[in-house]
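**Q** Below: one structure in structure tokens.
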Ligand SMILES: Nc1nc2c(c(=O)[nH]1)N[C@H]1C(S)=C(S)[C@@H](COP(=O)(O)O)O[C@H]1N2
Ligand SMILES: [Mo]
């Protein structure tokens with residue numbers, strides 16, 4: 001056995017073609033303006049863990065005991081039990097989440113009911129402009145009707161194929177990924193379609209009323 005390192009073989013037609021392709025490949029050129037579009041909102045850093053943030057009260061709710069109250073819809077007031085909720089058309093969605101405390105997490109896979117599905121099944125009365133989400137821990141958060149109806153917004157019961165854990169808001173939580181995560185109410189128990197804006201828990205404690213991460217709407 002020789003101890004000499006192997007000599008690099010001479011270029012062949014094959015390696016020359018690969019070298020040409022490498023030189024002309026788009027990723028070796030500076031990004032075009034469209035490619036420069038950022039996925040991470042300003043001031044955020046990426047995490048692969050999923051931190052738990054809440055008021056410290058984590059209600060334990062059995063799925064068979066869970067129900068969602070919907071107020072201000074054309075049916076009046078509706079109480080939707082777990083099985084009735086599962087009977088609504090189900091949606092899988094993948095979204096990035098952005099917490100105001102500056103972590104973001106990409107590619108969360110949610111299963112549940114899209115808010116557009118809920119809005120179609122239980123349409124708000126025509127004078128309703130805002131939505132207030134209420135949770136079993138006493139938490140509330142407010143949204144405009146268009147933000148609630150965003151194409152990525154949903155009421156999720158599962159994450160990555162498993163039922164949501166209690167700490168992340170199971171049985172059902174809101175997921176409104178185009179806004180900071182405090183808008184995504186965990187342990188969701190009521191949805192009120194209302195006629196004027198009603199700032200919620202954090203919105204009355206110094207947080208921004210809307211919370212668009214791309215505009216860094218963190219605080220008032
Ligand atoms: N019911 C309820 N929902 C809540 C909260 C809360 O305290 N109670 N905290 C909000 C905040 S500030 C954040 S950042 C996210 C955190 O969700 P996670 O614990 O699943 O990461 O939940 C939001 N939804
Ligand atoms: Mo938060």
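The numbers here are math on the coordinates, done by the rules we state, and not lab data. Just so we're clear, the structure is a prediction, and the values are computed from it rather than from any experiment. Note: ideal-geometry Cβ built from the backbone for every residue, glycine included; neighbour counts use all protein chains shown.
**Q** Specify the residue that is nearest to ligand 1 (Cβ to nearest atom); the eligible residues are those in segment 206-215 that are assigned to a loop (DSSP other than H, G, I, E, B) and in contact (Cβ under 8 Å) with a residue 60 or more places away in the chain.
**A** Our first condition is that a residue be assigned to a loop (DSSP other than H, G, I, E, B); within segment 206-215, this holds for 206, 208-212.
Next cut, in contact (Cβ under 8 Å) with a residue 60 or more places away in the chain only: 209-211.
Values: 209: 15, 210: 15, 211: 10 Å.
Taking the candidates together, the pick is 211.
**Q** Report the residue count in segment 134-191 for those that are under 23 Å from residue 89 (Cβ atoms), in contact (Cβ under 8 Å) with a residue 24 or more places away in the chain and part of a strand (DSSP E or B).
**A** 14
**Q** Okay, moving on. For segment 186-205, name all the residues that are more than 16 Å from residue 114 (Cβ to Cβ) and within 12 Å of ligand 1 (Cβ to nearest atom).
**A** Initially, segment 186-205 is screened for residues more than 16 Å from residue 114 (Cβ to Cβ), giving 186-187, 189-190, 192-205.
Correct list: 186, 187, 189, 190, 200, 201, 202, 203, 205.
**Q** State all residues of segment 153-178 that are farther than 12 Å from residue 115 by Cβ, within 16 Å of ligand 2 (Cβ to nearest atom) and surrounded by fewer than 24 Cβ atoms within 10 Å (Cβ to Cβ); if no residue qualifies, say none.
**A** Residues satisfying the conditions are 167, 168, 173.
**Q** Does segment 118-131 include one or more residues that are surrounded by fewer than 19 Cβ atoms within 10 Å (Cβ to Cβ) and within 16 Å of ligand 2 (Cβ to nearest atom)?
**A** No: segment 118-131 contains no residue that is surrounded by fewer than 19 Cβ atoms within 10 Å (Cβ to Cβ) and within 16 Å of ligand 2 (Cβ to nearest atom).
**Q** Restricted to segment 88-115, and to residues that are away from ligand 2 (no atom under 16 Å from the Cβ) and surrounded by fewer than 16 Cβ atoms within 10 Å (Cβ to Cβ), which residue is nearest to residue 49 (Cα to Cα)?
**A** 106
**Q** Another one. Please enumerate the residues belonging to segment 69-99 that are in contact with a helix residue (DSSP H, G or I) (Cβ under 6 Å, 6 or more places away or on another chain) and under 22 Å from residue 202 (Cβ atoms).
**A** Within segment 69-99, 97, 98, 99 qualify.
**Q** I'm checking my understanding of the structure. Among residues of segment 133-147 that are within 13 Å of ligand 1 (Cβ to nearest atom) and surrounded by fewer than 23 Cβ atoms within 10 Å (Cβ to Cβ), which one is nearest to residue 199 (Cα to Cα)?
**A** 140
Yes/no per residue for (1) in a strand (DSSP E or B); (2) within 16 Å of ligand 1 (Cβ to nearest atom):
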| site | (1), (2) |
| --- | --- |
| 68 | yes, yes |
| 72 | yes, no |
| 77 | yes, no |
| 83 | no, no |
| 93 | yes, yes |
| 108 | yes, yes |
| 111 | yes, yes |
| 117 | no, no |
| 131 | yes, yes |
